[in-house]
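See structure below.
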Amino acid sequence: MGDHFSISVPSKPEYVNVVRLTASAIACRMGFNIEQIEDIKVAIAEACTNAIKHGIKNREENFKIQFLVDEEKLEIDVEDEGHGFSCNEIEEPDLENPKEGGLGIFIIKSLMDDVQINSNIGKGTSIKMIKYLGDDL
């Protein structure tokens, strides 16, 4: 089944680096290469930034990161209890005419092997990211 653990993080930007370092240490221990570890760090930072920016009703709340580690993959789930949104609202960015913001989900999807987003209005959002060990798929 693998190892499963979670951390609860204050909804403050200064803690994103703590989450990045945690993910990096886990990925390194699993045997991911440097490039894959950097991809994981960027993806988790984007997901955490989204949770802080969009997902928290009040700044005193924490958000949660769950890690599932097994022989073949690292699964990371960033969950908040914020306002939520309709997943249909996520647009593919216009890379010819980029605008400020709005690239987080696109970046996460481009760096991770599998990404699932679940959001419920009034209940929060979960971004589940998976990176498979071994050659990039």
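What follows is calculated from the coordinates using simple rules that are stated; it is not laboratory data. It should be emphasised that the depicted structure is a prediction, and the values quoted were computed from it without experimental measurement. Because the Cβ atoms are built from the backbone with ideal geometry, glycine has one as well, and the counts that use them run over all protein chains shown.
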| query | What does the highest-first list of 123-131, 19-27, 6-14 look like by mean Cβ count within 10 Å? | reply | 123-131, 19-27, 6-14
| said: Under the 0.36 nm per residue contour assumption, what length would be gained going from the current alpha-carbon distance of Tyr132 and Asn33 to full extension? | reply: 34.5 nm
| said: Below 18 Å, Cα to Cα, which lysines can Lys64 reach? Residues fewer than 8 away in the same chain don't count. | reply: Lys12, Lys41, Lys53, Lys123, Lys128
| query | Between Phe5 and Val18, what length comes free when the chain is fully extended (0.36 nm per residue of separation minus the Cα-Cα distance, one decimal in nm)? | reply | 3.1 nm
| For Glu71 and Ser110 in the same chain, what is the full-extension length gain: residue separation times 0.36 nm, less their Cα-Cα distance, in nm? | 11.8 nm
